[in-house]
1. Inspect segment 82-100 for any residue being in contact with a helix residue (DSSP H, G or I) (Cβ under 9 Å, 6 or more places away or on another chain), crowded, with 17+ Cβ neighbours inside 10 Å, polar (S, T, N, Q) and closer than 24 Å to Q19 by Cα and give the result as yes or no.
2. Looking at (1) assigned to a loop (DSSP other than H, G, I, E, B); (2) in contact with a helix residue (DSSP H, G or I) (Cβ under 9 Å, 6 or more places away or on another chain), which is the one condition that is false for G10?
3. Between a residue in segment 98-125 that is without any contact (Cβ under 8 Å) to a residue 24 or more places away in the chain and any residue that is assigned to a helix (DSSP H, G or I), which pairs come within a Cβ distance under 7 Å, given they are 6 or more apart or on different chains?
4. Taking the options S68, S50, S60, name whichever one is modelled with pLDDT under 95 and either under 23 Å from V142 (Cβ atoms) or in contact with a helix residue (DSSP H, G or I) (Cβ under 8 Å, 6 or more places away or on another chain) (or both).
5. Would you check if A11 is on the phi < 0 side of the Ramachandran plot and at pLDDT 90 or above?
6. Restricting attention to segment 118-128, does a residue exist that is in contact with a Lys or Arg (Cβ under 8 Å, 6 or more places away or on another chain), over 23 Å from E58 (Cα atoms) and of a type in the set (A, V, I, L, M)?
Amino acid sequence: MANQDFSLSGAVKVRPAQQKDAAPLHQFCFPEKDEKEITDALKADLAKGSQTHRLVAEVSGYPIGQISVKEDANDPEIATVGDLVVSGPFRQLGVADHLMAAAETTAAGEGAKTLEIELPTSEKSVIQRYKDWGFSEKPLVVLQKELEADEADEETDAEEEQEEQSSETGTEQQTLLED
């Protein structure tokens with residue numbers, strides 16, 4: 001059989017996720033994960049009172065991508081996007097652009113004025129993609145110290161000390177904010 005050129009066309013539709021999307025999302029977007037894990041996560045996102053909106057991109061009735069939009073519990077003007085995944089064969093077709101546009105519309109419809117995403121600094125190409133969508137880096141420093149303890153009592157003491165420091169820091173930050 002000789003090589004033949006042909007073109008494919010189809011419409012990408014972005015819509016709210018449904019429970020029946022779990023199996024196709026597993027097959028096309030998350031083959032490395034357990035299907036039950038995906039089903040349970042989707043069920044939680046779709047539950048009444050959930051602050052997470054999951055959107056799927058579908059082609060010919062099959063979900064081939066998804067994104068989540070989570071409302072900030074403390075600030076209704078902030079929403080977080082995440083879990084943006086597009087099946088390999090569709091990545092160069094602008095599906096992620098459609099998902100991001102729908103995520104923005106969904107967040108705005110829920111009253112958000114700002115979208116956020118947290119990414120590790122090592123994800124340079126992903127960070128650049130989000131910048132292409134209009135995101136900008138926020139000056140934020142995350143400090144971390146790993147603690148080593150020889151005995152269980154020392155671990156308990158360290159945890160209690162961290163909790164005290166956290167509550168003191170929270171009070172300190174609140175005081176700074178009020179000034």
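The values are calculated or read from the model by the stated rules, or taken from the named source; none is laboratory data. Quick caveat, the model's predicted, so the values are computed rather than measured. Glycine also receives a Cβ, built like all others from the backbone with ideal geometry; neighbour counts cover every protein chain displayed.
1. Yes, because at least one residue in segment 82-100 is in contact with a helix residue (DSSP H, G or I) (Cβ under 9 Å, 6 or more places away or on another chain), crowded, with 17+ Cβ neighbours inside 10 Å, polar (S, T, N, Q) and closer than 24 Å to Q19 by Cα.
2. (2)
3. L119/V126; L119/I127
4. S50
5. no
6. Taking every residue of segment 118-128 in turn, none turns out to be in contact with a Lys or Arg (Cβ under 8 Å, 6 or more places away or on another chain), over 23 Å from E58 (Cα atoms) and of a type in the set (A, V, I, L, M).
For every residue, the table says whether it meets (1) without any contact (Cβ under 8 Å) to a residue 24 or more places away in the chain; (2) assigned to a helix (DSSP H, G or I); (3) surrounded by 17 or more Cβ atoms within 10 Å (Cβ to Cβ).
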residue	(1), (2), (3)
V14	no, no, yes
A22	yes, yes, yes
K33	yes, no, no
K43	no, yes, no
K48	yes, no, no
H53	no, no, yes
E58	no, no, yes
G65	no, no, yes
T80	no, no, yes
